[in-house]
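What follows draws every value from the coordinates through simple rules; no lab data is involved. Since the model is a prediction, treat every value here as computed from it, not as a measurement. Reconstructed Cβ throughout: ideal geometry from the backbone, glycine too, with neighbour counts over all protein chains shown.
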Amino acid sequence: MENRKENFSEWYNEIVDIAGLSDKRYPIKGMNVWMPYGLKAMQNIDGIIRKNVDPLDFQEVSFPVLITRDQLSVEFEHVKGFENEVYWVTRGGMEQLDVEMALRPTSEAAMYGMFSLWVRSHADLPLRIYQIVSVYRYETKHTRTFIRIREIHFFEAHTAHDTYEDAERQMDQYREIWKKISHDLCLPYIIDQRPDWDKFPGAMYTLAFDTVLPGGRSLQIGTIHQYGTNFSRNYDIKYLKDDGTHEYASQTTFGLSERLLAAVVGIHGDDQGLIFPPAVAPVQAVIVTIPSKSVDVLPYARSIFEEMKAAGIRTSLDTRDNYTPGFKYNEWEMKGVPLRLEIGEKEVSGNRVTISVRTGGKRRQIPRSEIAGTVKSLLDEVAEKLRANADAHFRSLSRKYSSLEEMRGAQGLALAGWCGSKECSSVIEEKLELGTLGFNRDSDETVKCIVCGKDGKIAAFSRSY
Ligand SMILES: [Zn+2]
């Protein structure tokens, strides 16, 4: 197994493959096969997202994957922003289509014509929907599993509101939702407002959640966008006000993708392999039996397996006797299972189990009667440990700088004063090869721009995926 810190890129490619997350041998570049173990992890992440948006009046929908050129062309900035990335369907069977159709690169153009039919009066607002679907981008750069791909597993929430202020409240709510999701995934992040030239096509402004992978490059793992009335004016989404006049709706969106899984894999893993946060782990605890000549360990192991499943713990029972216990331990460690329960002769006779925790520490002997309770509290401990490790790693890769000289060769997130101009951003890009992630939303202090010396605010710069 590759060394994660020194050769992160190779480590990542290797673990995605050998842990059974994804198979990239499919004959189309950037379109990979979701393997059962990887898909299960992604579905658990989707479940965490649903758990957080469903109670807040978001309704799940499913829109067609095809969008006509006319639909897509309604908002000029939007279509311009995606023109280099769209897959076009131009034929149906043997017939040339009168109207070319795009595979959705995102669903504004698919949804907003329907929004204009659905939104009539105040009573229809706010409108909150989401879907979890594949979106397609014709990616020409080097592709990387879960990070830069052509078929993307995508969560997109779309809302419409009566006023801009209500849409702003929605933006705040997204940040609260995100806080909970990132807590379950044990992911540290900063919030950056993307520069105008890098915001979502058609948006008034874009806020991005940025994290850092061990190689020192930042990864955008989520975005929220304020559209104001930019789309509603073009797609004619308006409602009747009490005074008899019509008003355009204000809109927002929230996007997440399989990059969340990439971040979980990259940030929590170690040289032995994956470490899944318990909320994401396809298997939270594995019971490994150690064959014995004098005692049949299986009935004892099975009864504990059933008890753990009944307690709501995602448990696997590994009774394979054609592998040594050591081989099996390594395999489950590599697959990132948070807890391992060992059951052999000693455990059966002592009416207990031996528990080993993936994040380290001594193995523990737990009495039979306390297993389910102990496993639950150990899972919480694993999550706490992952959060602490990830935060420490994040802090070690985020640093403030006060001069360009000092910032040369910076790894991870480089924080520095910036006036907001494209010129100063270009200097940093050219001299230091660091891209501009934008103003850091957690800081409001006035600081001098690291390039021109004018008044500015703290911004984040990095090499990014
Ligand atoms: Zn400047």
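Here is how the numbers come out for the structure above:
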read-out: Amide H contacts under 5 Å for residue 400, placed H, 5+ residues apart; value: 415
read-out: Contour excess over end-to-end distance, with Cα ends at residue 179 and residue 236 and 0.36 nm allotted per residue; value: 17.2 nm
read-out: Student exercise, region 285-378 dipole from Lys, Arg, Asp, Glu Cβ charges, in Debye to nearest 20; value: 280 debye
read-out: Cα-projected label distance for residue 243 with residue 141, points at 7 Å along beta-carbon direction, nm; value: 4.8 nm
read-out: Relative contact order, percent, the chain [alpha-carbon distance under 8 Å, six or more residues apart]; value: 14 percent
read-out: Sequence-distant residues sharing a close amide H with residue 435 (under 5 Å, placed H); value: 462, 463, 464
read-out: Neighbour cut-off at most 16 other Cβ (10 Å), DSSP loop, GluC sites (Glu not before Pro), region 1-58; value: 2, 6
read-out: Cα gyration tensor, the chain - rounded (a/c under 1.5), prolate or oblate; value: prolate
read-out: Within-15-Å neighbourhood charge of residue 83 [Cβ basis; K, R +1; D, E -1]; value: -3
read-out: Note, ³J(HN,Hα) from phi for region 381-395, Karplus 6.51, -1.76, 1.60, rounded to Hz, x at Gly and Pro; value: 5, 4, 4, 4, 5, 5, 4, 5, 4, 5, 5, 4, 4, 5, 5
read-out: Two-site label geometry, residue 381 and residue 429: point separation in nm, points 7 Å out along Cα→Cβ; value: 4.9 nm
read-out: Chain lengthening between residue 293 and residue 29 when straightened (0.36 nm per residue, less Cα-Cα); value: 89.9 nm
read-out: Order by protection proxy (mean Cβ within 10 Å, highest first), peptides 185-195, 382-392, 79-89; value: 185-195, 382-392, 79-89
read-out: Using a Förster distance of 35 Å, the FRET efficiency for residue 322-residue 148 (Cβ separation, nearest 0.05); value: 0.35
read-out: Environment charge at residue 397 (Cβ cut-off 12 Å; Lys +1, Arg +1, Asp -1, Glu -1); value: +3
read-out: Pairwise centroid distance, computed over Cα atoms, of region 1-72 with region 149-180, Å; value: 20 Å
read-out: Neighbourhood charge, 12 Å Cβ-Cβ cut-off, centred on residue 382 and excluding it, Lys, Arg +1 and Asp, Glu -1; value: +2
read-out: Long-range amide H partners of residue 35 with built H, under 5 Å; value: 22, 23
read-out: Where labels lie 7 Å past Cα in the beta-carbon direction, separation of residue 444 and residue 362 in nm; value: 5.0 nm
read-out: Potential extension, residue 69-residue 84 segment - 0.36 nm per residue separation minus Cα distance; value: 4.0 nm
